[in-house]
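Q: Take this structure, written in C-alpha cells, and hold onto it; I'll ask about it next.
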Amino acid sequence: MGLATFKGGIHPYEGKELSENKPVQVLQPKGDLVFPLSQHIGAPAKPLVAAGDQVLVGQKLGEAAGYISACVISSVSGTVKSVEPRLTSGGTEVPSVIVENDEKYQAVDGFGIQRDPKTLSKEDIRSIIKEAGIVGLGGAGFPTHIKLSPKEDSKIDTIIVNGAECEPYLTADYRLMIEEPESLIGGLNIILQLFENAKGVIGIEDNKPEAIKRLTELVKNEPRITVFPLKTKYPQGGERAMIYGVTGRKINSSMLPSDVGCIVDNVDTVISIYNAVAKSIPLIRRILTVTGDAITNPQNYNVRMGTGYSELLEASGGFKTEPEKVISGGPMMGNALFDMNVPVTKTSSSLVCFEKDEVAEVPTSACIRCGRCVTVCPGRIVPQLLIKAAEQSDLERFLKLDGMECCECGCCSYICPARLPLTQSFKEMRKNAREKAQKGEA
Ligand code: SF4
Ligand code: SF4
C-alpha cells in the first residue's frame with residue numbers, strides 16, 4: 001500500500017534543491033522596522049505606542065483588539081518614529097508602527113528566561129501564547145490561542161504538526177525540522193498538555209527523508225508522538241488534505257478541524273509556541289526562504305519581524321537577472337509582489353523570484369472541456385463549471401456549485417491547457433461571497 005494522501009492534487013516542479021541544503025542564517029536588520037497592526041486574521045491590533053516612545057525587544061506595540069485578534073511585538077529596541085499606513089506584501093496599506101532600531105537589542109524584563117512547561121496550567125499556556133502574539137505562520141495567520149481553545153478539550157484526539165511544506169521552492173520548514181527538531185517536539189508536547197486525550201502526529205511529505213529520519217529517531221521515547229510520512233503531492237499541506245491524509249476524516253468549508261477532533265499547526269508555529277512557553281521569547285522572528293532562479297544566492301533566513309524585503313534581497317546577493325515575476329509566499333498560493341519596500345510579517349513564508357513569468361507568456365483560449373481541472377481538484381468540485389459562473393458573476397450559481405469548497409490551491413489553473421484564470425476568478429468570487437455574507441446579503 002502506498003503512502004497516505006488525499007484525492008486530486010498535482011506534482012509541480014519542486015525547485016527545492018536551490019535552498020534545501022542551506023542552513024538557516026540569522027539576518028540582522030539594517031533599516032527601520034515596520035510592524036503592521038494587522039498581520040493576522042481578525043481585528044487589527046490596537047496601537048499601544050506613539051511617535052517618540054522608546055521600545056524594547058519583546059515589548060507589545062499593539063494589543064489584540066477583539067476575540068479574534070493578535071498582539072504585535074517589537075523585534076528590536078529603539079524609538080517609535082510614527083504610526084502610519086504602510087504598504088504590505090498583500091498589496092494593501094495597513095496602519096503600522098515604525099521603529100528606528102538602536103541596534104542594542106535591549107529586551108523587556110523576563111525575556112529569554114527558561115520555564116518548565118510542566119509546571120504551567122492550561123490557562124497559563126494559552127495566555128502565554130496569546131501574549132506572545134503567535135498566529136499560524138504557515139501563511140494563514142489565524143491566532144493560535146483561539147485555535148488551541150476549542151469548545152471541549154477532551155474531544156480533541158489528534159494534534160497534527162503540518163510539516164508537508166508542499167509549496168514548490170520553499171524550504172524553511174524543512175530546515176527547521178532538521179535544525180531544531182527538539183524545539184518542535186517540545187512545542188508539540190506543550191500543545192499535548194492542553195489536550196489529555198490527544199496524540200501528536202508530525203505529518204511530513206516523503207520528499208524530506210532527512211527530516212523524517214531525524215524526527216522519527218527523536219520521538220522513539222515520546223509515547224504520545226509519531227512521525228507520519230505522506231505522499232509528496234501538492235497541496236498536501238492544505239489543512240483539509242493534511243487531516244484527510246493523517247486521519248481519513250473529511251471537513252468542508254463550514255467546519256473547523258476541531259469538529260473532527262483535530263488541530264493542525266505549522267512547524268514554525270509549534271516552535272514559536274515552545275520559544276514563548278519554555279523560553280519566554282514572544283513571536284519576534286520567523287524563518288523564511290529567499291529563492292528562485294533570478295536570485296543570486298538562494299538562502300533560508302531567521303529574520304526579525306518588520307525587516308524590509310529589500311534587505312532580504314540584498315542579503316541574498318540581489319537579482320542574478322531582472323525577474324519577470326516576484327512572489328511573496330509560494331509560487332502556487334503566494335501574492336505577486338511589485339514593490340520590495342514591504343516588511344516581513346508573521347505570514348511571510350518566502351520571497352520567490354523567477355526570471356520568466358510563464359503564465360503571462362501563454363495566451364488564454366476557450367475551455368476545451370478536457371476535464372483535467374476536475375481530476376486535480378482536491379475540493380472535489382468542478383472548476384470547468386465554476387468558471388462559467390465566475391465569468392457571468394453569477395454568485396448564486398457559484399455557491400450552488402460548491403464554490404466555497406475551493407481552497408484556492410491553484411491546481412486547476414496549473415493544469416489547465418487553456419490557461420484560464422480559474423483560481424484567480426474563484427478567489428474573487430469567494431471574497432464577494434464572504435463580503436455579502438458579512439453584510440447579511442447572502
Ligand atoms: S477549484 Fe479551487 S480547490 Fe479546486 S483545484 Fe481549483 S483552486 Fe484548487
Ligand atoms: S482544465 Fe481548463 S480547458 Fe480543461 S476542462 Fe478545465 S477549464 Fe476547461
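The values are calculated or read from the model by the stated rules, or taken from the named source; none is laboratory data. Just so it is clear, the structure is predicted and the values come from calculations on it, not from any experiment. Quick reminder, even Gly has a Cβ in these numbers, built from the backbone with ideal geometry, and neighbours come from all protein chains shown.
Q: Would you call GLU100 more than 30 Å from ILE190 (Cβ to Cβ), surrounded by fewer than 17 Cβ atoms within 10 Å (Cβ to Cβ) and touching a Lys or Arg at 6+ places or on another chain (Cβ under 6 Å)?
A: Values: more than 30 Å from ILE190 (Cβ to Cβ): yes; surrounded by fewer than 17 Cβ atoms within 10 Å (Cβ to Cβ): yes; touching a Lys or Arg at 6+ places or on another chain (Cβ under 6 Å): yes.
Against the criterion (more than 30 Å from ILE190 (Cβ to Cβ), surrounded by fewer than 17 Cβ atoms within 10 Å (Cβ to Cβ) and touching a Lys or Arg at 6+ places or on another chain (Cβ under 6 Å)), GLU100 qualifies.
Yes or no, residue by residue, for (1) touching a Pro at 6+ places or on another chain (Cβ under 8 Å); (2) in a loop (DSSP other than H, G, I, E, B):
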| site | (1), (2) |
| --- | --- |
| VAL94 | yes, no |
| LEU137 | no, yes |
| LYS151 | no, yes |
| VAL161 | no, no |
| CYS166 | yes, yes |
| TYR169 | yes, yes |
| MET177 | no, no |
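Q: Restricting to region 247-277, give me the number of residues that are in a helix (DSSP H, G or I) and crowded, with 21+ Cβ neighbours inside 10 Å.
A: Residues in region 247-277 being in a helix (DSSP H, G or I) and crowded, with 21+ Cβ neighbours inside 10 Å: 12 in total.
Q: Enumerate the pairs (first residue in region 7-23 and in contact (Cβ under 8 Å) with a residue 12 or more places away in the chain; second residue anywhere and in a loop (DSSP other than H, G, I, E, B) and among the acidic types (Asp, Glu)) with beta-carbon separation below 8 Å, excluding pairs fewer than 6 apart on the same chain, so at least 6 apart or on different chains.
A: LEU18/ASP293
Q: Pull up region 360-377, narrow it to residues that are near ligand 2 (Cβ under 6 Å from one of its atoms) and charged (D, E, K, R), then point me to the one that is modelled with the lowest pLDDT. Walk me through how you get there before you give the answer.
A: Of the residues in region 360-377, the ones near ligand 2 (Cβ under 6 Å from one of its atoms) are 367-373.
Next, only the ones that are charged (D, E, K, R) stay: 369, 372.
Working: ARG369: 92, ARG372: 95.
Among those residues, the one meeting the criterion is ARG369.
Q: Name the single residue, out of those in region 393-419 being in a loop (DSSP other than H, G, I, E, B) and near ligand 2 (Cβ under 9 Å from one of its atoms), that is surrounded by the most Cβ atoms within 10 Å (Cβ to Cβ).
A: Taking the candidates together, the pick is CYS416.
Q: Here's a follow-up. Name the residue that is surrounded by the most Cβ atoms within 10 Å (Cβ to Cβ), counting only residues in region 151-171 that are over 26 Å from CYS409 (Cα atoms) and in contact with a helix residue (DSSP H, G or I) (Cβ under 7 Å, 6 or more places away or on another chain). Steps first, please.
A: At the first step, the residues of region 151-171 found to be over 26 Å from CYS409 (Cα atoms) are 151-157.
Imposing the further condition that a residue be in contact with a helix residue (DSSP H, G or I) (Cβ under 7 Å, 6 or more places away or on another chain) reduces the set to 153, 156.
Details: ASP153: 15, ILE156: 23.
Per the criteria, the residue is ILE156.
Q: So ILE113 ticks every box in (1) in a loop (DSSP other than H, G, I, E, B); (2) under 23 Å from GLY308 (Cβ atoms) but one. Which box is left unticked?
A: The one condition ILE113 does not meet is (2).
Q: Follow-up question, since we're still on this one. In region 343-368, what residues are away from ligand 1 (no atom under 16 Å from the Cβ), in a loop (DSSP other than H, G, I, E, B) and either closer than 30 Å to ILE73 by Cα or not hydrophobic (A, V, I, L, M, F, W, C) (or both)?
A: VAL344, THR345, LYS346, THR347, SER348, SER349, GLU355, LYS356, ASP357, PRO363, SER365
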